[in-house]
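Here is the structure we will look at.
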Amino acid sequence: MKNDTIIIGTRSSKLALWQADFVAEAIREAHPEFTVEEQRMTTKGDKILDAPLAKIGGKGLFTKELEEAMLVGDIDIAVHSLKDMPTEVPEGLAITAITKRADPGDAFVSNRYAHLSELPKGARVGTSSLRRRAQILALRPDLDIHDLRGNVGTRLAKLDAGDYDAIVLAVAGLTRLGFGDRIREIIPREHMLPAVGQGALAIESRADDVAVNRAIALLDDAGMRTAATAERAFLARIEGGCQVPVGVYAECSHGELVVEAVIASLDGRRLYRSKTYGKESEAEQIGKELAERLLEEGGLAILQELGLLV
């Protein structure tokens, strides 16, 4: 931080800007002695829009350029969707705060149908996520799933243009941008587990920047950090980026932690799902053990078939 000014690095999409504004306002309110500015940046994931995320590499697609800018001092913090964060953070950086989680669910959006179950056979469904694809096909193998890239507005426009019968997006992103009325159904968690950290924001900073880290500490939610520790430990054991067909959700309650996860084949025909319980203090170990269980049950074979050796 220079001259009592905290510079937030952010992607330029409307959702990313909403997230940066949210963090900026929280800092300004709690620390009026600081000036907070935003610097827009472009990541690899923003530049390549004509290929599925899974084919261009899932790790760091939306974070690398921001992290490099932090390491050289051009920006002081970066605000990410936690689900976009690789499980490994570059040396010298840290996830200093994880916000309270918004609704972690996946939203079914359609102009003609009220529920996923109402879609006719062969209906065209858009999603950019292998996780969503696999779990949708496990429920409805008769649907026609197609890749869908672009920001939230672009995806909704493609739906409205008739390119898809329905699309699936994160509930949190839609509601933050004022599109909550477009949600026809929040797909029940028993049918679709979310991505790691879905619904929460991650604020990343230089690990040794004491003043900045103190300023953003108020945004850290203890319960969500514990849940994220378990979820990210699960994903780290799987060794996957954001584009692997796995879902996981952890929740804290009165010192206890419940973690549920799934590994599925891309066609949805094989799906391994399990739930475990434990103490909040053992979050990392619980996440790792659940990953081991699902790998042993059949998840390992699925990931190896996808070239994700573990």
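The values are calculated or read from the model by the stated rules, or taken from the named source; none is laboratory data. Since we're looking at a predicted model, the values are computed, not measured. Using ideal geometry, Cβ is built from the backbone for each residue, glycine included, and neighbour counts are taken over all protein chains shown.
Among the residues of the stretch 268-306, write down those that are under 20 Å from residue 190 (Cβ atoms), charged (D, E, K, R) and over 21 Å from the mean Cα position of the chain (by Cα).
Within the stretch 268-306, 269, 270, 293, 297 qualify.
For the stretch 241-286: of the residues being within 14 Å of residue 229 (Cβ to Cβ) and among the charged types (D, E, K, R), which is surrounded by the fewest Cβ atoms within 10 Å (Cβ to Cβ)?
Only one residue tops the list, namely 279.
Among the residues of the stretch 186-196, write down those that are part of a loop (DSSP other than H, G, I, E, B) and either aliphatic (A, V, I, L, M) or crowded, with 19+ Cβ neighbours inside 10 Å (or both).
187, 192, 193, 194, 195, 196
Residue 160 passes all but one of (1) surrounded by 16 or more Cβ atoms within 10 Å (Cβ to Cβ); (2) under 15 Å from residue 113 (Cβ atoms); (3) of a type outside the set (Gly, Ala, Ser); which number fails?
Every condition holds for residue 160 apart from (1).
Step by step: first the residues of the stretch 97-154, then only those that are of a type in the set (D, E, K, R) and farther than 30 Å from residue 201 by Cβ, then the one that is surrounded by the most Cβ atoms within 10 Å (Cβ to Cβ). Which residue is that?
The extreme case among them is 140.
I need the helices (runs of 4 or more DSSP H) fully contained in the stretch 123-185, keeping only those with at least 2 residues that are of a type in the set (Val, Ile, Thr).
So the answer is 152-160, 171-176.
From (1) assigned to a helix (DSSP H, G or I); (2) modelled with pLDDT of 95 or more, pick out the condition that doesn't hold for residue 301.
Answer for residue 301: the failing condition is (2).
Could you check residue 237 against (1) touching a Ser or Thr at 6+ places or on another chain (Cβ under 6 Å); (2) farther than 21 Å from residue 108 by Cα; (3) in contact (Cβ under 8 Å) with a residue 40 or more places away in the chain and say which number it fails?
With respect to (1) touching a Ser or Thr at 6+ places or on another chain (Cβ under 6 Å); (2) farther than 21 Å from residue 108 by Cα; (3) in contact (Cβ under 8 Å) with a residue 40 or more places away in the chain, residue 237 is out only on (1).
Looking only at the stretch 28-86, how many residues end up being over 17 Å from residue 12 (Cβ atoms), among the basic types (Lys, Arg) and at pLDDT 60 or above?
2
Please go through the stretch 63-85 and pick out each residue that is surrounded by fewer than 21 Cβ atoms within 10 Å (Cβ to Cβ), in a loop (DSSP other than H, G, I, E, B) and in contact with a Lys or Arg (Cβ under 9 Å, 6 or more places away or on another chain).
73 - this is the single residue of the stretch 63-85 that is surrounded by fewer than 21 Cβ atoms within 10 Å (Cβ to Cβ), in a loop (DSSP other than H, G, I, E, B) and in contact with a Lys or Arg (Cβ under 9 Å, 6 or more places away or on another chain).
Tally time: how many residues in the stretch 152-187 are under 19 Å from residue 103 (Cα atoms), in contact (Cβ under 8 Å) with a residue 60 or more places away in the chain and not aliphatic (A, V, I, L, M)?
Selection size over the stretch 152-187: 6.
What are the pairs, 6+ residues apart or on separate chains, where a residue within the stretch 204-226 that is in the same structural domain as residue 86 (by TED's automatic domain parsing) and crowded, with 20+ Cβ neighbours inside 10 Å has its Cβ under 8 Å from a residue that is among the charged types (D, E, K, R) and part of a helix (DSSP H, G or I)?
Listed by first residue and then by second, the contacts come to 204/67.
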